[in-house]
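To keep things clear, I will list the structure first and then write my remarks on it.
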Amino acid sequence: MNEEQRKQTSIDVLAERDKKTKDYSKYFEHVYQPPSLKEARKRGKEKVHYNRDFQIDEKYRGMGKGKTFLIKTYGCQMNAHDTEVMAGILSALGYQPTEEIDEADVILINTCAIRENAENKVFSEIGNLKHLKKEKPETVI
């Protein structure tokens, strides 16, 4: 076997191996991407507008009547604060808090993208909730 034949055989073997490797990229087109510092620098510094007198429109106040919510929090202390804010908004909409995951009509998972361990726990938790979504498709996760 000469050098040219050896190279061609190697190319053929690699091409055949690549054909056997499945391309899973189509399943991950819409997968969450973590924040990018490079992209953040491009955005610049816009002036932030704070709305401190948050009010829920009257037509939405009863939309959660008879429904329950559960918020699971992972990560840093800011997440605990954000959870309190979300719980307040859901309560103002008429939802009632619950500690039982099987009773919840709405399940929110609040995590921190900075702490990798917290993010990994969330992906695990979402996997654990898969069976619940199949049993109760109307549950919002």
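The values are calculated or read from the model by the stated rules, or taken from the named source; none is laboratory data. Keep in mind the model is a prediction, meaning the values are calculated, not measured. Note that we place each Cβ from the backbone using ideal geometry, even for glycine, and neighbour counts take in every protein chain shown.
Points worth noting:
- The residue of the stretch 129-139 that is farthest from the chain's Cα centre (by Cα), among those that are assigned to a helix (DSSP H, G or I) and surrounded by 15 or more Cβ atoms within 10 Å (Cβ to Cβ), is 132.
- In the stretch 69-82, the count of residues that are β-branched (Val, Ile, Thr), out of contact with any Phe, Trp or Tyr (no Cβ under 7 Å at 6 or more places or on another chain) and either over 21 Å from residue 136 (Cβ atoms) or exposed (fewer than 11 other Cβ atoms within 10 Å of the Cβ) (or both) is one or more.
- Sole residue being at pLDDT 90 or above, small (Gly, Ala, Ser) and in a helix (DSSP H, G or I), chosen from 87, 80: 87
- Look at (1) surrounded by 10 or more Cβ atoms within 10 Å (Cβ to Cβ); (2) assigned to a helix (DSSP H, G or I); (3) at pLDDT below 90 and you find that residue 38 fails only one, number (1).
- Test: residue in the stretch 66-73 that is over 28 Å from residue 34 (Cβ atoms) and part of a strand (DSSP E or B): yes
- In this entry, residue 12 is excluded by the filter for residues that are farther than 24 Å from residue 109 by Cα, at pLDDT below 65 and either surrounded by 10 or more Cβ atoms within 10 Å (Cβ to Cβ) or over 27 Å from the mean Cα position of the chain (by Cα) (or both).
- Pairs are defined by a Cβ separation below 9 Å, a sequence spacing of at least 6 or placement on different chains, a first member in the stretch 77-100 that is more than 20 Å from residue 53 (Cα to Cα) and hydroxyl-bearing (Ser, Thr, Tyr), and a second member that is modelled with pLDDT of 90 or more and part of a strand (DSSP E or B); the pairs so defined are 95/68; 95/69; 95/106; 98/68; 98/69; 98/70.
- Pick from the stretch 47-66, criterion in contact with a helix residue (DSSP H, G or I) (Cβ under 9 Å, 6 or more places away or on another chain) and surrounded by 11 or more Cβ atoms within 10 Å (Cβ to Cβ), ranking: nearest to residue 106 (Cα to Cα): 64
- Residue list for the stretch 89-123, restricted to those being surrounded by fewer than 16 Cβ atoms within 10 Å (Cβ to Cβ) and either over 14 Å from residue 75 (Cα atoms) or touching a helix residue (DSSP H, G or I) at 6+ places or on another chain (Cβ under 8 Å) (or both): 89, 91, 92, 94, 96, 97, 99, 100, 101, 102, 103, 113
- The set of residues in the stretch 94-128 being closer than 28 Å to residue 61 by Cβ and either in a strand (DSSP E or B) or aliphatic (A, V, I, L, M) (or both) consists of 96, 97, 101, 104, 106, 107, 108, 109, 110.
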